[in-house]
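Notes follow once the structure below has been shown.
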Amino acid sequence: MSEKKYAIQDIQNIAASELLERVRKLKEDGYRFSQACAMNREYGQDLLYSFDKDHILLNLKVKVNEGEEVESITGEYWPAFIYENEMHDLFGIKFLHNALDYNGNFFVTAEPTPWNPKK
């Protein structure tokens, strides 16, 4: 049985203003969109977008300041609408030009989420 070796994940810190340009380049280079998630920080949130090529993960870590808007990547990777709507509803992150925007109704909760108590 052959054994495959996998590289350590690469995490690159980028500004929100760089996200769409970097994502376009990754798509041109043959990367597949894997997932996106958010985490609250003292300044706002960190977003982590993960991409795969040949079983190697490349992660773009985006620092989002409180109230900052982020350009959606759905124009390049349409399935990202799920993640971006989730991050909007659960964390309050505003995405511009999301290809399928649920306008805050992707998740409807009976109580405010601990990550976005304003909702």
*Quick check: anything in the range 51-58 modelled with pLDDT of 95 or more, surrounded by 17 or more Cβ atoms within 10 Å (Cβ to Cβ) and under 10 Å from the mean Cα position of the chain (by Cα)?*
no
*Long-range neighbours under 6 Å by Cβ, at least six apart or interchain, first residue among the aliphatic types (A, V, I, L, M) within the range 84-112, second modelled with pLDDT under 90*: Leu90/Thr113; Leu90/Trp115; Leu90/Asn116
_strands (runs of 3 or more DSSP E) wholly inside the range 1-112 that include at least 3 residues being of a type outside the set (Gly, Ala, Ser) and out of contact with any helix residue (DSSP H, G or I) (no Cβ under 6 Å at 6 or more places or on another chain)_ = 10-15, 32-41, 44-53, 56-65
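The values are calculated or read from the model by the stated rules, or taken from the named source; none is laboratory data. A quick note: this is a predicted structure, and the numbers were derived from the prediction, not measured. All Cβ positions, even for glycine, are placed from backbone atoms using ideal geometry, and neighbour counts span all protein chains on display.
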